[in-house]
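The values are calculated or read from the model by the stated rules, or taken from the named source; none is laboratory data. It should be emphasised that the depicted structure is a prediction, and the values quoted were computed from it without experimental measurement. Please note: Cβ atoms are built from the backbone with ideal geometry, for glycine as well, and neighbour counts cover all protein chains shown. For accessibility, only protein heavy atoms count, side chains too; no ligands or nucleic acids. Shrake-Rupley method; radii C 1.70, N 1.55, O 1.52, S 1.80 Å.
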Amino acid sequence: MALVKLQTQHFRNLSPTPVSFSSSFNLLYGENGSGKTSVLEAIGYLGLGRSFRVSRHQAVVSHGEQQFTVFGGLDRGLDASTEPDAAGVAHRLGIARDVSQKETTLRVDGEGVRSLSSLAMHLPVSVIDPGVFDIVAGGPGKRRQFLDWAVFHVEPSFASAWQQCQRVTSQRNQTLRNGRLDEALLRVWDSQYVALSDRISAARKTTFDRFKAAFQTLVQEVDVGWTQGLKLEFYPGWDSSQSLQDILASHREQERRMGHTLYGPNRADIRLKFQGRPVAETFSRGQQKTLVILMKIAQGMVLSELGKQVTFLLDDINAELDVGHRAMLARKLQALRCQVFITSIEHPLPDALWPDNQAPEYRMFHVEHGKLTEE
């Protein structure tokens, strides 16, 4: 499914006027501060339940207001059982946040839902912005987040297992921090933690294997000279030659001294190495960018194989990617039949993205003072 309608209220500087989008490509351009990225941010709220720019909801509310609302209309995509309305909308998503009361309201097709996952499952949103390149250069947390986004959309039970594991981990950490270690209680938490960890790691490994296969297919189609020495490995968060139960037992004193859990899915990683060394140490900035782009496309391939359409948000890619890489990215996303939003300061040149008259159906918008005008 693709986002074909968007309406916001009191969201940054965006106009409350409803906007209709293409289910294929949407090109947005305007000056800095015009509201281009805010449009992507609002879309991100529907697919991620949060901003990809800031950590605080308060930052996105219009000045002087206490609540924002984002409403989205989705087409039916491959779901032939759902009949769209006259405007082509088959599903409706909504999120509202009252920052004064710290309350969030979520709706799917007019019905209230409790979890963000109930909202996000309808609109897989993948962001490519300047911060995304930390997937390679940053710490394991960035790569876990990258992997878990795909796992959430591939394995329906993952979100629940992860939430349960977070709660058990918190209880286990509290027990470890107690002045007097309660071994019997800790064994109870260990048992639950290990069972949940095994479920989470199995789901991650299944999705990682799909991702790795898609990535290997992809790199055979592009002209980069470093793929032969590149290795991607999934690390579950502990030495998989031993059971997690045994590792926890043998490192009990270490974890007690540190006061928190040191082994398990909270330490998982995708290890990226080139000729045996970490990619972050061996690749140039340009090579790292290319690698991240290929990884993002491979994610889209995995979901496409499962019949899911990804909505890609490409924010100011002209500042990060040269013409060749922009064209490669646009061409690959077109082949995946994704929905794509691309922002830029300069007026977009479709012929540069899709040479030889191969441009897909697209809509172009000029953004000024938070208002989108279609051209």
#### Entry: Ranked packing of 280-287, 196-203, most packed first, by mean Cβ within 10 Å
196-203, 280-287
### Query
How do MET121, MET364 rank by accessible surface area computed with a 1.4 Å probe, from largest to smallest?
MET121, MET364
## Note on the structure
One finds the C-alpha centres of the range 1-48 and the range 247-289 to be spaced, in Å, by 37
### Query
Considering only the range 293-375, what is the antiparallel percent among its DSSP beta bridges, to the nearest 5?
50
### Under the Karplus curve 6.51 cos²θ - 1.76 cosθ + 1.60, θ = phi - 60°, whole-Hz ³J(HN,Hα) for the range 296-312, x wherever Gly or Pro sits
5, 5, 4, 4, x, 5, 4, 5, 4, 4, 9, x, 10, 9, 8, 9, 8
### Task
First check a/c for the range 7-119, with a ≥ b ≥ c the square roots of the eigenvalues of its C-alpha gyration tensor; if it is under 1.5, answer rounded, and if not, answer prolate when a/b is larger than b/c or oblate otherwise.
oblate
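Please give the per residue accessible area of the chain, computed with a probe of 1.4 Å over protein heavy atoms only, in Å².
47
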### Query
What net charge is computed for the residues neighbouring LEU196, neighbours being all others with C-beta under 14 Å from the C-beta of LEU196, Lys and Arg scored +1, Asp and Glu -1?
+1
### Query
Summing -39500 (n - 2.57) over the DSSP H runs of n ≥ 4 in the chain and dividing by its residue number, what mean residue ellipticity at 222 nm do you reach, to the nearest 500 deg cm²/dmol?
-12500 deg cm²/dmol
#### Entry: Fraction of antiparallel bridges per DSSP, the chain only, in percent to nearest 5
70
### Task
With a 1.4 Å probe and every protein chain kept in, tell me what percent of the accessible surface of the chain is carbon plus sulfur.
46
### Query
Probe 1.4 Å, all protein chains in place: accessible area of ARG267 in Å², nearest 10?
100
### Query
Computed from these coordinates, which is Cα extents along the principal axes in Å: (1) 67, 54, 41; (2) 58, 47, 37; (3) 77, 50, 37?
(1)
### Task
Evaluate the distance, in nm, between pseudo-label points positioned 7 Å from the Cα of ARG107 and of THR17 along their respective Cα→Cβ axes.
2.3
### Task
Any chance you could look up the accessible area of THR217 with a 1.4 Å probe, heavy atoms only, rounded to 10 Å²?
70
### Summary
the range 223-356: antiparallel bridges as % of DSSP beta bridges, rounded to 5, reads 65
